[in-house]
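First up is the structure itself, then whatever we jot down about it.
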Amino acid sequence: MTHTSADLLEFEALRLLVGRYVGSPMGRDLLQQAAPLKDRAAIEQLHRDTAEAMDYLRTAAQPKLAARGSVLRLRFTDLPDCSAAVQKVRIEGAVLDGKEIFDVLGLLDRAADVRSVLDGMGSTFPLLTAKARGFGDFRPLLRELAGRIEPDGSVSDHASVALHRIRRGIEKQKQQIQESLERFMKAHRADGVLQEDFVTLRNDRFVVPIVAGQQARVQGVIHGSSGSGHSLFVEPLETIDRNNELVRMVEEELREVHRILREMSARLRTEAPAIALARTLLGEFDWIFAKASFALEFQCVIPRFSPEDKPVLRLEAARHPLLEDVLRRQGKTVIPISFVLDKETRTLLLSGPNTGGKTVTLKTAGLLALMAQSGIPVPAREAEFPLFDQVLADLGDNQSIAESLSSFSSHIRRMNEILRLVTPDSLVLLDELGRATDPEEGGALGIAILENLRSWKAFTLASTHLLALKVFAGSRDGVLNGSMGFNRETLAPTYLLRLGAPGESAGLSIAGSLGMPPDLIARARAAMSNRERDLADYLTQLQTRTAELAEETEQLREQRKSLEAREASLAKEWERKESGRIKEIERRAEEIARKFEEESRKTIDSILQGAANRKSADQARTKTAKTIREFKEEFQAAVRAGTDAPPPLQVQEGARVRLKNVREPAKVRRILGPGRYEVEAGFLKMQVQAEDVVEVLPASDEGSRLPANVTFKPAGPAWDVSFQEINVIGKRVEEALDELDKFLDHAAMASVQRIRIVHGHGMGVLKRAVAEFLSKNPHVARFLPATQSEGGAGATIVEMREN
């Protein structure tokens with residue numbers, strides 16, 4: 001996109017606005033690099049990252065989640081600028097100073113924090129998590145180097161054992177020198193040699209000040225004098241050796257510090273690529289979250305980009321971010337704009353009063369297009385753009401005395417440049433088209449320019465006061481008239497954009513409101529021709545009618561929203577009441593089942609008092625449990641049927657059906673009565689209720705596969721067709737016994753003589769529970785362990801009692 005248009009649309013000022021939310025030098029680098037792109041995939045990826053960051057910030061702002069610490073707000077402020085250190089650490093043999101190492105470690109510590117926070121949020125924030133996993137694992141490095149560098153860049157005493165020993169020795173040596181000098185000063189305090197009673201440093205050596213001219217009375221080395229010359233700084237002879245030893249120890253300290261820094265630099269060098277990547281990623285995170293913070297602060301949305309074959313420029317409730325920022329500080333709000341241009345209608349011509357918002361509308365559309373293609377969310381309720389290759393703008397008065405350019409000349413020069421650069425993928429913004437010349441000629445020139453841009457199929461927004469252009473927009477397909485509102489009562493613009501009709505310029509009315517003498521305004525009105533007055537009145541009436549229609553449309557929209565909200569509220573209330581009713585029914589059913597169980601248990605207990613009736617009692621207990629289970633199943637089915645009753649299934653004799661809890665399809669042998677059927681499932685014959693039928697299957701051609709007279713003789717030992725089995729391996733005891741109880745019922749109804757129960761070996765718990773259950777079941781004649789060929793100890797063979 002052209003540099004001139006970006007300047008005219010104040011894109012640099014937008015950078016400064018978004019820059020308020022950037023916290024690091026790396027983020028500011030990316031802010032300065034932000035520019036409109038032409039790669040659709042790259043732009044959409046930028047917006048996806050920002051959208052996820054917006055969701056993250058919204059989640060982090062929720063008090064409950066923040067209190068639990070599940071989503072922590074990421075901060076990128078106070079990050080040091082480590083660019084020089086990151087480059088330096090790559091150089092073999094280079095040694096970073098303490099401050100550089102401290103800053104790099106701080107950078108890596110922040111990177112480790114970001115990775116730690118986001119690493120477990122892959123399902124909620126996949127894009128941010130994937131980016132965070134690009135950070136290396138710096139925890140071992142940070143633990144290894146932790147505490148060795150102080151915040152001011154100095155090496156800690158505990159960085160090495162040797163350094164700790166040397167510094168303790170230095171402190172001890174300084175103490176000895178201090179004591180020696182104090183003895184010296186005590187000895188000469190009364191003889192007038194000392195200028196002042198204190199110890200100071202000169203040339204890194206401890207000295208005392210003496211009176212100039214008294215140096216002959218003191219044995220020592222003079223290291224200088226005061227500025228006035230009244231004092232000499234003398235190192236007494238008795239402290240020279242101690243000072244020499246101190247100097248040696250300080251040099252040893254410096255060598256040890258350099259060794260430590262060299263060692264730490266070498267250790268960082270092993271992670272140099274990961275450190276450089278961490279710096280880059282932190283900058284990207286800072287920039288992404290800066291855009292997200294800006295978007296939430298200014299109520300922005302992620303824009304969409306229309307397909308190339310169906311281009312759409314849609315702005316709904318769009319606001320100019322720079323204007324909004326200014327008005328916020330004044331306690332005011334921006335009047336948003338909304339319009340739609342598409343493949344068939346690519347030109348919007350704005351008209352209306354001066355200072356009415358026409359230029360702001362053009363700038364808003366242009367700046368938001370630049371923001372969208374730069375990956376920055378736009379302040380609007382909804383936004384959709386084509387992918388523009390450039391934004392071409394002619395805004396304001398570009399006259400130049402230095403270049404001998406009048407307003408009209410600069411306007412024409414800029415128009416020539418636009419017409420030379422325009423393509424079908426351009427967005428063109430023209431302010432006051434046809435201005436600064438004769439209205440008739442200016443109107444004709446404006447029409448020619450708009451026709452040229454229409455031939456290029458470029459999206460165009462233009463503003464004008466010229467009647468010829470207003471008539472052109474109203475009579476040409478593909479051109480839409482738009483007007484900025486004007487209040488005739490207050491004689492002030494309303495800044496509302498309305499589509500479908502031109503607006504009145506209201507120049508005389510505005511001039512009067514700005515203090516122009518009334519007699520001049522009256523004289524001007526009298527000078528207007530009847531045609532001009534009639535046209536102005538017509539535009540005023542048209543504007544009034546358009547405003548009324550817009551107000552009625554808005555009222556209808558609000559009424560529709562209100563009705564939709566009421567409908568949703570009623571549906572929710574009905575659902576709540578229905579849910580309460582079902583819960584009450586469930587509670588009553590549970591109470592009935594509980595009372596029934598208590599009564600049956602009392603009856604069984606009374607029967608158990610006689611040993612001869614113990615078997616009958618066990619059978620009664622089994623029947624009771626079965627009855628309660630079937631009651632609960634029927635109740636749940638009734639509840640489901642009551643809440644969402646499906647249409648009844650059409651079941652006929654001979655139909656193939658699928659039954660509840662039966663894997664194999666069954667065939668309906670005959671209909672016993674309303675809602676009752678006799679079916680055959682494999683080798684089992686049983687009677688079922690209509691509620692047990694889940695699905696009616698398509699007719700099968702199974703019976704026609706072989707001729708009726710074809711018979712088979714077994715080639716080996718006959719297999720007992722009445723033999724069936726159930727596998728309960730891996731099930732809980734209660735679940736296994738429940739399924740076994742149903743299976744035995746079905747087997748008894750089908751007159752099966754022998755079944756096999758596969759329960760496995762395991763710990764033997766399931767096997768013992770099955771044996772105890774079989775011993776009490778009335779359908780079982782006897783049961784015994786299976787043979788080795790039938791499963792051995794992992795299975796049980798059951799012989800059924802004849803009905």
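The values are calculated or read from the model by the stated rules, or taken from the named source; none is laboratory data. In this text the structure is predicted, and so the values were computed from the model without any measurement. Neighbour counts are summed over all protein chains in view; Cβ atoms, including those assigned to glycine, are modelled from backbone coordinates with ideal geometry. What goes into the accessible areas is simple: the full protein's heavy atoms, side chains included, and nothing from ligands, DNA or RNA. Shrake-Rupley method; radii C 1.70, N 1.55, O 1.52, S 1.80 Å.
Observations, loosely collected:
- Total residues in the stretch 297-329, condition open to solvent by less than 10 Å² (accessible area, probe 1.4 Å) and part of a helix (DSSP H, G or I): 1
- Only residues that are assigned to a helix (DSSP H, G or I), without any contact (Cβ under 8 Å) to a residue 40 or more places away in the chain and of a type in the set (D, E, K, R) were counted in the stretch 1-60, giving 4.
- Matching residues, the stretch 209-235, being over 24 Å from Glu251 (Cβ atoms), in contact with a strand residue (DSSP E or B) (Cβ under 6 Å, 6 or more places away or on another chain) and either free of Cβ contacts under 8 Å to residues at least 12 places away in the same chain or part of a strand (DSSP E or B) (or both): Pro209, Ile210, Ser225, Ser231, Leu232
- Pairs linking a residue in the stretch 777-801 that is over 18 Å from Gly762 (Cβ atoms) and without any contact (Cβ under 8 Å) to a residue 40 or more places away in the chain to a residue that is open to solvent by less than 10 Å² (accessible area, probe 1.4 Å) and assigned to a strand (DSSP E or B), with Cβ atoms under 6 Å and 6 or more positions apart or on different chains, are Val780/Val798; Phe783/Val798; Leu784/Ile797.
- Within the stretch 741-797, the residues that satisfy the criterion of being touching a strand residue (DSSP E or B) at 6+ places or on another chain (Cβ under 9 Å) and of a type in the set (Asp, Glu) are Asp745, Glu790.
- Matching residues, the stretch 85-131, being part of a helix (DSSP H, G or I), surrounded by fewer than 13 Cβ atoms within 10 Å (Cβ to Cβ) and more than 24 Å from the chain's Cα centre (by Cα): Gln87
- Of all the residues in the stretch 78-98, those that are more than 16 Å from Leu108 (Cβ to Cβ), in contact (Cβ under 8 Å) with a residue 40 or more places away in the chain and aliphatic (A, V, I, L, M) number 2.
- Identity of the residue in the stretch 172-208, in contact (Cβ under 8 Å) with a residue 24 or more places away in the chain and polar (S, T, N, Q), that ends up least open to solvent (accessible area, probe 1.4 Å): Ser180
- Residue selected from the stretch 734-758 under the condition part of a helix (DSSP H, G or I) and among the hydrophobic types (A, V, I, L, M, F, W, C), by the criterion most open to solvent (accessible area, probe 1.4 Å): Met749
- Any hit, the stretch 147-160, residues being open to solvent by 30 Å² or more (accessible area, probe 1.4 Å) and more than 30 Å from Leu281 (Cβ to Cβ): yes
- Residue satisfying all of: in the stretch 61-84; outside any loop (DSSP other than H, G, I, E, B) and within 30 Å of Gly375 (Cα to Cα); modelled with the lowest pLDDT among these: Ala66
- A count restricted to the stretch 344-357 and to residues that are within 17 Å of Asp394 (Cα to Cα) and open to solvent by less than 10 Å² (accessible area, probe 1.4 Å) stands at 5.
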